[in-house]
Amino acid sequence: MRQWRMAYRSPQLSRSMVRTRKAPELPLLENRNWLIHVHYSRKEFGICKILLQEELEKSNGTCEYANYVQGLILRHEGKIQESLEYFQNCHTLNPQNINNIKQVARSLYLLGRHALAIEAYLEAENVSSKPDWDIYHNLGTCLLHIGELTKAKEYLLTAIQLSHQETSYMELAKIHLLEDDVEGAIGIYNAALEWYPDSCELATSLGLLYMKTGQHQRAFEKLGSALAHDGMCSKALLAAGSMMQNHQDFDVALSKYKIAAQFLPESTALWNNIGMCFFEKKKYVAAISCLKRANYLAPFDWKTLYNLGLIHLTTKQFASSFHYLSAAINLQPNSARTFMLLA
């Protein structure tokens, strides 16, 4: 009986001992990381920067997480060069952390130093224990900027095989367009829409390519799909209005442009199209006003200058027409229609 009672009491003793133990204290350099993370997640950058400054002073700049978050905040504020310095500190403190290398590469990319960014992403690829689509995607984007389209395409295809991300599809389609492979770009957009059928951006881009190749029915379907998912998609509204304008339905086109103007008040193409709608409706004063606004937003857009020359010629303001057409020829000397109007 005594042995049984001793065996029965021993767990109680162990529980009381557990209750009296204190939780282990976190190391000095990490005991406020949770607080920094909370304020950063809430985008309370003012308080977060005060805490970061205290941690960096306390640790003599050796707190990895404080350096990392400080770099993220500075990048958010547009201070890319300063953010790069903090991410480099993180990499020095922990060279095997792949996130540190990726953030260094990202800052280099934003600074336009694409060759160095490629080197950083290749280092991240070597350090990574498994394939990372983000690394391959960004390698493809950097190679695209330096003109190595073939390698860029290979990396982006690898990224798509690892993870079907919308951005990777869009970058790959951009490469096909740079290579004048419109059909290839259409195929990429169609493949992307199988994974992202609700994407307004993908549907609009595909609709614009169908317009470019003269497939107006398909273009209308894709633009309609984009507007069905997002009735305020400015890019789709502008494209749909352009299609209506080409089919001489100027009132419907103007209704689309009116909505788009709420989101694209400084779009040259928008005001140019509105001006030409008014021109077709013989409202010349309104047309000139809209085209002059487009010209103010983009003084070197030769199409706007051509349209201004056309309207002034129609209203028999020959000196003004000569002025705008001459400017259009100086910017685009290969337009036969401009020379015809000037003559």
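The values are calculated or read from the model by the stated rules, or taken from the named source; none is laboratory data. What you are looking at is a predicted structure, and each value in this text was computed from that prediction instead of being measured. Every residue, glycine as well, gets a Cβ built from its backbone with ideal geometry; the counts of neighbours run over all protein chains shown. In case anyone asks, the SASA skips ligands and DNA or RNA and just uses the protein heavy atoms, side chains included. Shrake-Rupley method; radii C 1.70, N 1.55, O 1.52, S 1.80 Å.
Numerical summary
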| quantity | calculated |
| --- | --- |
| Cut-off 12 Å (backbone N to label point 7 Å along Cα→Cβ of residue 331), residues of the stretch 230-272 | 268-269, 272 |
| Heavy-atom accessible surface of the stretch 193-343: percent carbon and sulfur, 1.4 Å | 57 percent |
| Dipole magnitude of the chain about its Cα centre (Cβ charges: Lys, Arg +1; Asp, Glu -1), debye to nearest 20 | 1260 debye |
| Computed over the stretch 274-343, Kirkwood Rh from alpha-carbon pairs, angstrom | 11.7 Å |
| Between helix 64-76 and the chain: long-axis angle, C-alpha atoms, 0 to 90°, nearest 10 | 20 degrees |
| Accessible area of residue 68 in the full protein assembly, 1.4 Å probe (Å², nearest 10) | 50 Å² |
| Distance (nanometres) between label positions extended 7 Å along Cα→Cβ at residue 190 and residue 232 | 3.3 nm |
| Residue 318 accessible area, assembled protein chains, probe 1.4 Å, Å² | 120 Å² |
| Extension gain (nm, one decimal) between residue 212 and residue 150, 0.36 nm per residue minus Cα-Cα | 19.9 nm |
| Shape parameters for the stretch 80-160, alpha-carbon atoms, Rg then Dmax in Å | 12.2, 36 |
| Separation of alpha-carbon centers, the stretch 245-310 and the stretch 120-147, rounded to whole Å | 43 Å |
| Residue-averaged 222 nm ellipticity for the chain, from DSSP H runs of 4+ at -39500 (n - 2.57), nearest 500 | -24500 deg cm²/dmol |
| Within straight-line cross-link reach of residue 258, lysines at Cα separation under 17 Å, skipping those fewer than 8 residues along the same chain | 235, 281, 283 |
| Ranking by accessible area, most exposed first, for 38, 285 with a 1.4 Å probe | 285, 38 |
| Orphan Cys of the chain, criterion: no other Cys C-beta under 4.7 Å | 48, 63, 90, 142, 277, 290 |
| With every protein chain in place, the stretch 38-167: carbon and sulfur % of accessible area (1.4 Å) | 49 percent |
| Relative contact order (%) - criterion: Cα under 8 Å, at least six apart; region: the chain | 5 percent |
| Rounded D (µm²/s) - the chain, Kirkwood Rh over Cα pairs, Stokes-Einstein at 10 °C, 1.306 mPa s | 63 µm²/s |
| Residues of the stretch 230-343: accessible area per residue with a 1.4 Å probe, Å² | 55 Å² |
| Theoretical FRET efficiency, 1/(1+(r/R0)^6), r = Cβ-Cβ of residue 266 and residue 60, R0 45 Å, to 0.05 | 0.40 |
| Cβ-based net charge around residue 324, under 12 Å, with every Lys or Arg adding one and every Asp or Glu removing one | +1 |
| Cα long-axis angle, helix 234-246 against the chain (0 to 90 degrees, to the nearest 10) | 20 degrees |
| 0 to 90° range, to nearest 10: angle between helix 80-93 axis and the chain longest Cα axis | 30 degrees |
| In the stretch 111-187, GluC sites (Glu not before Pro) in a DSSP loop with at most 13 other beta-carbon atoms within 10 Å | 179 |
| Candidate residues 340, 211: accessible-area rank, largest first, probe 1.4 Å | 340, 211 |
